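Peer 1: Please find one structure pasted underneath; my questions will follow.
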Amino acid sequence: MRRKYDHVVIGSGSAGCVIAARLAEEGSATVLLLEAGPPDRHIHIRMPAALGFLLTNRRFNWFYEPEPEPQLDGRRVSEARGRVLGRSSSIDGMNWVRGNPWDNDNRAALGNAGWSHAGVLPYFRKAETFAGGANACRGGERPMPVETCGRQTRSSTPSCAPGRRPGCRLWRITTPIGRRACTSASAMSATASAGPPPRATSVHSLPGRT
Ligand SMILES: Cc1cc2nc3c(=O)[nH]c(=O)nc-3n(C[C@H](O)[C@H](O)[C@H](O)COP(=O)(O)OP(=O)(O)OC[C@H]3O[C@@H](n4cnc5c(N)ncnc54)[C@H](O)[C@@H]3O)c2cc1C
């Protein structure tokens, strides 16, 4: 491992991976991304239908145990959290949901400058490459591959067809060619293909050292 880095990013969650990738894209800076869990090269991480295995595997899941909830007759509601490169994005449900534009506009109207639909749209576009092609709403150049869920069921089609119910539509997923696209794989592979690094980015998994 190199001894000195310009930036050290602790935790390879969605945010950590993107921050490390963006810093590395600047070219000259050296970046160390540290992760307590193992690398994300495992068939169950790449295979969307294997989600159930990930959620029951202590190798990839912290299995947080919250305090007993008095309102739930003292039961503890187990909380899944990723413990692997990409963190929760490596064990999550792969749904790509932006929310309702009205919610963002309302948030801005309550005094949160920059959080309107128009304010956040460039960042949504900047994160993704949409399988249907880029347009004013969808992005076309960035790491996360997004597509519309191809399988429509009787329950999803009538109520969720665009235009049938405001703010509700068929959902988007991040499983190009049938594989999970987690933040680590997407952000890091984009960085690798973007230019100067390899020397700029080091990713270290430290399983068993927490
Ligand atoms: C089972 C499951 C299913 C999900 N399904 C979906 C879905 O379908 N669609 C969707 O959009 N989202 C989904 N999510 C949520 C999504 O995966 C997360 O919101 C996202 O990955 C969070 O990214 P993050 O970087 O904010 O946090 P994380 O990925 O949790 O990473 C946080 C990082 O911060 C580190 N950290 C935390 N506390 C400290 C500290 N005190 N000091 C130092 N480091 C610290 C952690 O170790 C970790 O590396 C799901 C999540 C789970 C668990």
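Peer 1: Go through the stretch 53-97 and count every residue that is assigned to a loop (DSSP other than H, G, I, E, B), away from the ligand (no atom under 11 Å from the Cβ) and among the acidic types (Asp, Glu).
Peer 2: 3
Peer 1: Identify the residue in the stretch 45-95 that is aromatic (Phe, Trp, Tyr) and more than 12 Å from CYS182 (Cβ to Cβ) and, among all such residues, is surrounded by the most Cβ atoms within 10 Å (Cβ to Cβ).
Peer 2: Result: TRP62.
Peer 1: Yes or no: GLY27 of a type outside the set (Lys, Arg) and surrounded by 10 or more Cβ atoms within 10 Å (Cβ to Cβ)?
Peer 2: Against the criterion (of a type outside the set (Lys, Arg) and surrounded by 10 or more Cβ atoms within 10 Å (Cβ to Cβ)), GLY27 qualifies.
Peer 1: Could I ask something else about it? Please list, ordered by first then second residue, the pairs with beta carbon atoms under 7 Å, 6 or more apart or interchain, first in the stretch 1-30 and farther than 18 Å from ASP92 by Cβ, second among the acidic types (Asp, Glu).
Peer 2: ALA29/ASP6; THR30/ASP6
Peer 1: With the condition kept exactly as written, say whether any residue in the stretch 37-46 is away from the ligand (no atom under 15 Å from the Cβ), more than 13 Å from SER89 (Cβ to Cβ) and among the hydrophobic types (A, V, I, L, M, F, W, C).
Peer 2: Among the residues of the stretch 37-46, at least one is away from the ligand (no atom under 15 Å from the Cβ), more than 13 Å from SER89 (Cβ to Cβ) and among the hydrophobic types (A, V, I, L, M, F, W, C), which makes the answer yes.
Peer 1: Does PHE124 fit the bill of being touching a His at 6+ places or on another chain (Cβ under 7 Å), in a helix (DSSP H, G or I) and either more than 10 Å from the ligand (Cβ to nearest atom) or within 22 Å of ILE19 (Cα to Cα) (or both)?
Peer 2: Here the answer is no, as PHE124 does not meet what is asked.
Peer 1: Does ARG83 qualify as being free of Cβ contacts under 8 Å to residues at least 60 places away in the same chain and over 19 Å from the mean Cα position of the chain (by Cα)?
Peer 2: Criteria not met by ARG83.
The numbers here are math on the coordinates, done by the rules we state, and not lab data. Everything numeric in this text was worked out from a predicted model, so none of it was measured. Note that each Cβ is placed from the backbone with ideal geometry, even for glycine, and that neighbours are counted across all protein chains shown.
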